[in-house]
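Here the structure is laid out as structure tokens; the discussion comes afterwards.
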Amino acid sequence: MGYVFRLEDALRMERWAQSEPGRTALRLERLLLERVWAPVGPQRVLEVGCGTGFFLRWFSQRGHAVTGLEPSWELVLEAQRRLPDRISVRHGFAEDLPFSDNEFDTVALITTLEFVDKPQAALAEACRVARKHVLLGVLNKWSLSGLYRRLEFLWKPSLFRKASFYSVPQLRRMAGSILHGPPPCVWRTCFLLPLSTLAHTAFLESAPWLQVHPFGHFIAMRIDLRPLTRPLQEPLMDKVMNPGRPHAQISCWRKPSPPPTMGQGAGWNAL
């Protein structure tokens, strides 16, 4: 289960996001996620670890059908109070999602993997429930700001004392171990420089050409979920459904038996 946020934790993060540099940082994070995700049309989206609904509202404003999942009951109630009725928020845990296989088009975990005890189990559940994509927003252990966040609890109280940060290669390896091979994915990072400099570097941080390195503080990654094989159950239906495509080769077939000889009963067929 990991660390479950309290309402005061969420309110502290909201205050940070409503002032500078938090306001600019949140805007750039959303821009990066949108750029990496690049959805084609409205989708069914589940956000795991939704808090009070920061990103739920953003997803909904872009026309997606949105559901949130949150392990803290007081944050579930707070999100339900704040958000419109069209946005559903449920109680549950990332490692055991209360949804069916492929129930959503995209499952998003934004600053969630850092606070769960079993990140691989949480990512595996996201891959199970998603049909098209898993969208990650993760704090980067290879960044200058990530190093500062991991050390700041030495001189002041910090939520990041309970967090585990990840790198781009770690996330790719984790996804590959779940999906039995390196999955197709797209990733970018932002906040190469400390967040305190955003007033002067926001324009640079939003430039696509400056987001292709693995050292930014915030990683946005889209993992594409695609079947590696296409089982063919009925060759006849394959011809009907794909009339212009070369016929798929059947993987399980039996070599035709040779015609029976006269000593094997062929004489009955000759009568």
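Structure data summary
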{"quantity": "Two-site FRET efficiency, LEU147 against ASP117, from Cβ-Cβ distance with R₀ of 22 Å, rounded to 0.05", "calculated": "0.45"}
{"quantity": "Label-zone membership for the range 116-155, site ARG173, 7 angstrom Cα→C-beta point, backbone N under 16 Å", "calculated": "119-121, 141-142"}
{"quantity": "Cα gyration tensor shape for the range 7-224, rounded if a/c is under 1.5, else prolate or oblate", "calculated": "rounded"}
{"quantity": "Per-residue Cβ neighbour rank within 10 angstrom, fewest leading, LYS162, LYS118, LYS141", "calculated": "LYS162, LYS118, LYS141"}
{"quantity": "Partner aspartates and glutamates for LYS162 [C-alpha distance under 15 Å; skip if fewer than 8 residues away on the same chain]", "calculated": "ASP9, GLU114, ASP117, GLU152"}
{"quantity": "For ALA108, residues with placed amide H under 5 Å, excluding near neighbours", "calculated": "LEU46, GLU47, VAL48, LEU135"}
{"quantity": "The range 1-103 - charge dipole about Cα centre, Lys and Arg +1 at Cβ, Asp and Glu -1, debye rounded to 20", "calculated": "520 debye"}
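Read the figures in this text as sums done on the coordinates, not as results from a lab. What you see is a predicted model, and the numbers here were worked out from it, not measured in a lab. A quick note on method: Cβ atoms are made from the backbone with ideal geometry, for glycine too, and the neighbour counts reach across all protein chains shown.
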